[in-house]
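The values are calculated or read from the model by the stated rules, or taken from the named source; none is laboratory data. Model, not experiment: these values are computed from the prediction. FYI the Cβ positions are ideal-geometry reconstructions off the backbone, even for glycines, and counts take in every protein chain you see.
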């Protein structure tokens, strides 16, 4: 019996690299939405944390580096999972996850399995290092041949995919969804004061915050160096860096040259909303983004944002309208923008008001509607859907 004739809800396998920093962070609303509609949703990734709402969770031996020897084992294991569970859709994410998934699912496409890849931001982009183009572009070009639908989350990636990838259907959605209501919390002044005291901040300190894992790509080193420039005009400026450290303490060593307490590293936190509402300005220094979710979250908390200019930040910020875009790694310009916002309450008010309206399209409900239209192939619809 064909899938069209079987008249049932589809079975979807979501594939990524890790649970804690990816599936739990980005995909729980999608899983919940599909489950509410009667779908079976399984997840395959490195299970470094339990995933509460999926039907089945499979541990895959995947590493961040797709050229790790474990990748071959992961492909074989994923093929076994797909073969034994008769999925309709393999829905993949992250570089390694998408490579493993598309190679594993390739032989099953002739049986009707659809392969959908949501690219959170191509690693080859305008201004990217040559190495990323030499490796990343040919690899994606080959893998696109084994992809039914390629979903992008910014205009630059979408335009590139339409021009260079002929095989898959190319779609663009407004990110992966941010639950904006989660950031509309009651946060009394005394709570804000208590939170600031936890990290050694005083009432008069001007606190900048950047929420992102500590990596070369996120470029926190540039913010640490910019802090020195900012403190020449704003001695009370402090920087809160929120996220797990993948650089083995290198950034903490860089911060040693600044006055004690200037840079605070929190590690991974579950209370990001409270940390944002305890801060005064949000910064974003990454060299590349598919879409800067941390910026959307900061705007939802009413913070002005200063960010380096890249494709993912441009998708959210209109310079001098709802925030500031600064040429990449121009620390002097970034420092100048921060100092200006410290002394211009009217500009902060305008930015935050405009931002509160501009981010509505990224709300989870809107994005899930866009995504469901892509995932719901007509042949999977049941009589009661």
## Note on the structure
Among the residues of region 230-247, the number that are free of Cβ contacts under 8 Å to residues at least 60 places away in the same chain, more than 14 Å from residue 335 (Cβ to Cβ) and within 22 Å of the chain's Cα centre (by Cα) is 7
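Quick one: would you say residue 9 is part of a helix (DSSP H, G or I) and within 22 Å of residue 372 (Cβ to Cβ)?
Details: part of a helix (DSSP H, G or I): no; within 22 Å of residue 372 (Cβ to Cβ): yes.
Here the answer is no, as residue 9 does not meet what is asked.
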#### Entry: Residue that is within 23 Å of the chain's Cα centre (by Cα), closer than 24 Å to residue 216 by Cβ and either modelled with pLDDT of 95 or more or not assigned by TED's automatic domain parsing to the domain that holds residue 22 (or both), where the choices are 115, 100, 90
100
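Matching residues to (1) surrounded by fewer than 22 Cβ atoms within 10 Å (Cβ to Cβ); (2) under 14 Å from residue 17 (Cα atoms):
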{"residue": "63", "(1), (2)": "yes, yes"}
{"residue": "78", "(1), (2)": "no, yes"}
{"residue": "115", "(1), (2)": "no, no"}
{"residue": "123", "(1), (2)": "yes, no"}
### Query
Of the residues in region 14-50, how many are within 20 Å of the chain's Cα centre (by Cα) and under 20 Å from residue 88 (Cβ atoms)?
12
### Pair list, Cβ < 6 Å and 6+ apart or interchain, from region 18-44 residues that are in a loop (DSSP other than H, G, I, E, B) to residues that are surrounded by 18 or more Cβ atoms within 10 Å (Cβ to Cβ) and at pLDDT 95 or above
39/12
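Of all the residues that make up region 233-258, how many are part of a loop (DSSP other than H, G, I, E, B), in contact with a strand residue (DSSP E or B) (Cβ under 7 Å, 6 or more places away or on another chain) and more than 26 Å from residue 204 (Cα to Cα)?
Step one: list which residues in region 233-258 are part of a loop (DSSP other than H, G, I, E, B), which gives 234-236, 244, 246-249, 258.
Those still in the list that are in contact with a strand residue (DSSP E or B) (Cβ under 7 Å, 6 or more places away or on another chain) too: 234, 236, 244, 246-247.
When the remaining residues are screened for being more than 26 Å from residue 204 (Cα to Cα), the result is 244, 246-247.
Adding up the residues that qualify gives 3.
In this structure, does residue 59 turn out to be outside the structural domain of residue 293 (by TED's automatic domain parsing), surrounded by fewer than 16 Cβ atoms within 10 Å (Cβ to Cβ) and either under 28 Å from residue 272 (Cα atoms) or at pLDDT 95 or above (or both)?
Working: outside the structural domain of residue 293 (by TED's automatic domain parsing): yes; surrounded by fewer than 16 Cβ atoms within 10 Å (Cβ to Cβ): yes; either under 28 Å from residue 272 (Cα atoms) or at pLDDT 95 or above (or both): yes.
When the stated conditions are applied, residue 59 passes them.
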### Message
Please go through region 244-288 and give me each residue that is farther than 28 Å from residue 192 by Cβ and buried (at least 22 other Cβ atoms within 10 Å of the Cβ), ordered by number.
### Response
288
### Query
Restricting the first residue to region 186-197 and requiring it to be buried (at least 16 other Cβ atoms within 10 Å of the Cβ), which pairs with a second residue that is at pLDDT below 90 meet a Cβ separation below 9 Å and a spacing of at least six or different chains?
195/187
